[in-house]
Amino acid sequence: MTTTRFQLVRTESERDRLLRRATRTWSGTLPGIGAVELTCPKEAWYSSSDQTVRVSGGAVPSMVFRGIGFRGLPRMARVKLTADAHQGRLHRRHLAVTRRGRALHVDLAGRSYRYRVLDSKLRHELSRKGVVVTMTRSRWRRPETLSGVAQGGADGLDLALAILLEGVYTRNLSFGGAVYSWPGRFLSREDLVIDVLLAPFS
């Protein structure tokens, strides 16, 4: 089985200013593919409650994830995911308790992915048939590095998606993280009635 290792390093970011969000960028090189960059959020102006992260690079699909903003990141709510001309579809089980059960499922470009938290909030796994990409953050908030290990025949789409999801707020993919973050997520959502019903579980 082929194993590929890579690392993205956070560069200097634009600081918060009046009417502008702080933007942060992680850059690196994917072996056999080339340069890649994660930008979070993509837009700097405070123009809406939504936030967007983007992955770009010469040999990877241009990929964008847009969702309701929360603690400087887009959440997995009111999501729009695109990769070049492809539209993604995301779904997950809000009532599940285990990390496997709470995993995020992504259908994109004819592929079915599963993204889940591993043994700590710093490690995530993106998988599809024959491919596993494990991402590790140096720390939860504003990590200095994002390190990846890809096993199987991972290509630019697999790696770009794994990197993109590191710019998304995913604490609620574990039950403990969901309990911890629920009050803030409740206040940031527009569909408050649904959250009241799911509060003990989401």
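The values are calculated or read from the model by the stated rules, or taken from the named source; none is laboratory data. Computed from a predicted structure; not experimentally measured. Please note: Cβ atoms are built from the backbone with ideal geometry, for glycine as well, and neighbour counts cover all protein chains shown. Heads up: the accessible areas ignore ligands, DNA and RNA and are worked out on the full protein's heavy atoms, side chains in. Shrake-Rupley method; radii C 1.70, N 1.55, O 1.52, S 1.80 Å.
Please list, ordered by residue number, the strands (runs of 3 or more DSSP E) wholly in region 72-140 having 3 or more residues that are within 20 Å of Phe6 (Cβ to Cβ) and open to solvent by less than 30 Å² (accessible area, probe 1.4 Å).
On the way: elements: 80-83, 89-91, 104-108, 111-117, 123-128, 131-137.
Ranges flagged: 123-128, 131-137.
How many of the residues making up region 23-48 are modelled with pLDDT under 75 and in a loop (DSSP other than H, G, I, E, B)? So that I can check it myself, show each step before the final result.
Here is the first cut: in region 23-48, the residues modelled with pLDDT under 75 are 42-48.
Narrowing further to those that are in a loop (DSSP other than H, G, I, E, B): 42-44, 46-48.
Residues that pass the stated criteria total 6.
Would you tally the residues in region 58-71 being crowded, with 19+ Cβ neighbours inside 10 Å and touching a helix residue (DSSP H, G or I) at 6+ places or on another chain (Cβ under 7 Å)?
So the count comes out to 6.
Of the residues in region 155-174, how many are in a loop (DSSP other than H, G, I, E, B) and modelled with pLDDT under 95?
The number of residues fulfilling the criteria is 4.
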